[in-house]
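Presented below is the structure to which this report refers.
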Amino acid sequence: MNIENFIHDMAVRAVEALYGKLEGEQLQIQKTRKEFEGDYTLVVFPLLRRSRKSPEATAEEIGARLKADNAEVASCNVVKGFLNISLDARFWGGRFDEIYSQSDYGRHPSTGRTVMIEYSSPNTNKPLHLGHIRNNLLGYSVARILDAAGHHVIKANLVNDRGIHICKSMLAWKLYGNGETPESSGMKGDHLVGKYYVEFDKHYKEQIKELMAAGKSEEEAKKNAPIMLEAQAMLRKWEAKEPETYALWEKMNGWVYEGFDVTYKAMGVDFDKVYYESQTYLLGKSIVEEGLAKGVFFRKDDNSVWIDLTADGLDQKLLLRGDGTSVYITQDLGTAFRRFEDNRLDDMIYVVGNEQNYHFQVLKLILKKLGYDWSDNIYHLSYGMVELPEGKMKSREGTVVDADDLIADMIRTARDMSAELGKLDGCSAEEADAVSAMVGLGALKYFILKVDPKKTMLFDPRESIDFNGNTGPFIQYTHARICSIMRKAAEAGIDTSLVCDAIIPAEVELIKMLCDYPAAVASASENFAPSIIANYAYDLAKRFNGYYHDHSILREENPAVCAMRVRLAATVARTLKSAMFLLGIDVPDRM
């Protein structure tokens with residue numbers, strides 16, 4: 001049942017009985033604010049021209065009619081022009097029975113829309129780091145939420161496997177690597193390639209210093225450093241598919257992909273489709289050539305291709321360099337075209353950090369000017385950076401927080417803290433490993449996803465692994481606690497099918513929260529905000545723990561009341577598991 005529609009229909013009948021048939025007027029009904037008594041509130045000010053009475057008198061009259069005509073209405077109270085309506089315990093008991101009977105509660109019917117969401121989008125010149133973790137966890141969670149909201153979702157990854165940054169790692173390995181491989185070094189492939197990206201930067205900076213000491217300006221030194229000129233030449237060779245350069249590119253990228261797969265598996269994310277920039281940039285180039293022929297773009301004297309967006313309040317944007325090599329936006333044009341054509345998308349969501357806000361503003365505008373109306377259905381899910389107590393990360397300097405190291409540290413810390421608190425007592429070594437991994441990853445994911453995506457966030461690993469407060473482990477422990485109750489109920493032979501009409505206020509409050517779950521899913525989907533689900537799960541877990549502290553479940557003497565409380569606890573556990581699933585988090589049955 002949609003409760004708001006139910007209230008609305010009751011209110012319409014009451015108003016029409018008092019003041020005549022409504023003629024297209026919309027009644028304003030909303031949830032009652034927490035500081036007032038009531039479940040739903042009817043705003044009566046728009047009805048005063050019909051009642052010809054004061055706001056208070058109108059509200060009193062409608063409230064009296066509602067109570068007289070509907071057994072579900074327990075009471076009404078008036079605050080100025082607002083009628084607060086309270087529904088009785090039997091009504092909420094009926095809603096709970098509906099929820100309990102639905103195995104897929106919270107899932108919405110199909111919308112018929114196909115949505116692609118791109119996340120991860122790594123460069124193949126370095127391993128994944130903490131920033132990538134936020135990107136992957138956000139994208140994966142939004143994909144699950146959109147699926148629960150009834151959309152057909154395609155999870156996509158675009159691998160940035162070409163460009164000057166890739167050539168920097170390749171060149172440094174060629175110059176300084178002495179044939180080092182993942183096997184010979186014992187390093188993961190993505191870590192090994194990242195090592196040479198840092199090595200390139202070290203030598204580049206040394207050459208800049210030397211040139212500046214010889215009298216060059218900093219800008220001239222940066223442009224003319226021999227290692228940079230050599231990297232640019234390597235990029236041209238790659239685009240020309242020069243065999244030696246291309247073979248080196250394939251070999252080093254292969255190392256990186258093997259490393260990435262290990263990290264993705266540890267992180268618990270996956271993709272339905274993987275696109276490679278090396279396969280889409282040529283299509284992007286052809287789109288640029290078409291735009292040039294149409295007069296959308298123009299060519300400068302140095303042979304580079306640009307678009308002038310100054311009339312739109314933006315700048316001129318480079319699309320092809322003078323030597324014919326492409327830039328990021330070149331392949332983005334090709335990739336966007338390919339995705340909409342191949343998948344008949346209704347919407348395309350890019351999960352990319354807020355430093356690329358301008359880039360996506362330009363991308364949408366260029367596609368629009370090229371005549372692609374689907375450009376209106378592109379959305380940039382912009383998110384803030386992740387910072388650490390000691391400051392920002394820098395890939396070139398090798399000061400990033402490596403994703404693999406962080407995941408391993410989280411699991412290790414979770415095991416230590418869980419053991420210290422006695423959460424692993426009675427677990428086998430295998431169970432302790434599984435619970436530690438679940439808690440460590442759950443802590444990491446929840447801590448990142450509970451924050452609004454748009455906000456820059458400070459990540460504190462130890463704060464995230466806390467069995468009290470707004471954390472993943474607190475919710476996981478609540479689920480495990482309820483599972484323990486279920487096992488004990490089964491062992492005691494409690495008949496959970498017994499019907500109970502005696503529902504106390506604390507149970508009504510839990511039921512109300514359960515009723516809110518589908519709306520939380522819808523809101524999280526509309527706003528691409530896993531934080532809505534995260535905070536819903538925390539509020540539900542917190543309320544259940546308060547209820548469990550104050551009221552006995554298994555020791556309740558009335559068999560029917562005991563049965564209802566076991567069902568209620570089971571439904572809370574199921575809803576917590578569902579909500580955490582949408583965040584990509586597993587919950588343990590034992591802890």
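The figures follow:
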read-out	value
Förster radius 30 Å - calculated FRET efficiency between D589 and N2 (Cβ-Cβ, nearest 0.05)	0.35
When the range 203-334 is reduced to its Cα atoms, the Kirkwood hydrodynamic radius in Å	17.9 Å
Calculated over the range 145-240: convex hull of Cα atoms, volume per residue (Å³)	171 Å³
Acute angle (nearest 10 degrees) that the helix 55-69 long axis makes with the longest principal axis of the chain, alpha-carbon atoms	70 degrees
Solution diffusion estimate, µm²/s, Stokes-Einstein, the range 5-73, Kirkwood Rh from C-alpha pairs, 10 °C, viscosity 1.306 mPa s	128 µm²/s
Overall Cα dimensions of the range 525-565, principal axis frame, Å, largest first	46, 18, 8
DSSP-defined beta bridges in the chain - what % are antiparallel, rounded to 5	50 percent
The chain, accessible surface, carbon-and-sulfur percent (1.4 angstrom probe)	49 percent
Pairs of lysines in the range 414-536 (C-alpha under 26 Å apart; 8 or more residues apart or interchain)	6
For q = 0.21, 0.28 Å⁻¹, Debye-computed log10 I/I(0) when each Cα of the range 536-591 counts as one equal scatterer	-0.84, -1.16
Two-site label geometry, W306 and E218: point separation in nm, points 7 Å out along Cα→Cβ	2.4 nm
Spatial extent of the range 284-394: Rg and Dmax, with the Cα atoms as the point set, Å	15.6, 52
Accessible area (Å², 1.4 Å probe, nearest 10) - Y196	10 Å²
In the range 1-112, lysine pairs with alpha-carbon atoms under 19 angstrom apart (chain gap of 8 or more, or interchain)	6
Residue-span extension gain [D104 to S497] - 0.36 nm each, minus C-alpha spacing	139.5 nm
A429/E183 FRET efficiency (R0 25 Å; Cβ-Cβ; nearest 0.05)	0.25
Rounded to the nearest 20 debye, dipole of the chain from Cβ charges on Lys, Arg, Asp, Glu	780 debye
Modelled label reach - K53, point 7 Å along Cα→Cβ, the range 19-45 residues with backbone N closer than 11 Å	19
Paramagnetic label zone (point 7 Å from Cα along Cα-to-C-beta, N558; backbone N under 16 Å) in the range 499-526	499-509
Alpha-carbon gyration tensor eigenvalues x 5, square-rooted, for the range 34-159, Å	49, 19, 14
Two-site label geometry, E23 and F298: point separation in nm, points 7 Å out along Cα→Cβ	5.9 nm
Cα-Cα pairs of the range 100-165 separated by more than 17 Å (percent)	53 percent
Residue-by-residue Karplus 3J(HN,Hα) for the range 264-269, coefficients 6.51, -1.76, 1.60, Hz, glycine and proline x	4, 5, 5, 6, x, 10
Helix-derived mean residue ellipticity, 222 nm - over the chain, DSSP H n ≥ 4, -39500 (n - 2.57), to 500	-18500 deg cm²/dmol
Reduced Cα scattering model of the chain, Debye log10 I(q)/I(0), q = 0.05, 0.07, 0.08 Å⁻¹	-0.31, -0.58, -0.72
Between the range 214-229 and the range 298-333, the alpha-carbon center distance in angstrom	24 Å
Label zone at K209 (point 7 Å along Cα-to-Cβ), backbone N below 15 Å, the range 164-180	none
For peptides 120-129, 482-491, 249-258, 551-560, sequence by mean Cβ density within 10 Å, most packed first	120-129, 249-258, 482-491, 551-560
Rounded to 10°, Cα long-axis angle of helix 3-19 versus longest principal axis of the chain	50 degrees
Nearby aspartates and glutamates by direct alpha-carbon distance to K577 (threshold 13 angstrom, same-chain neighbours under 8 apart not counted)	D104, D586, D589
R33 versus S484: modelled label distance in nm, points set 7 Å from Cα along the beta carbon direction	4.1 nm
Exceeding the 23 Å Cα-Cα cut-off - candidates K188/K251; K126/K216; K195/K285	K126/K216; K195/K285
Nearest 10 degrees, 0 to 90: helix 403-420 Cα axis against the chain principal axis	40 degrees
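The values are calculated or read from the model by the stated rules, or taken from the named source; none is laboratory data. A quick note: this is a predicted structure, and the numbers were derived from the prediction, not measured. Ideal geometry is used to build each Cβ from the backbone, glycine not excepted, and the neighbour counts take in all protein chains shown. These accessible areas exclude ligands, DNA and RNA; they are computed on the full protein's heavy atoms, side chains included. Shrake-Rupley method; radii C 1.70, N 1.55, O 1.52, S 1.80 Å.
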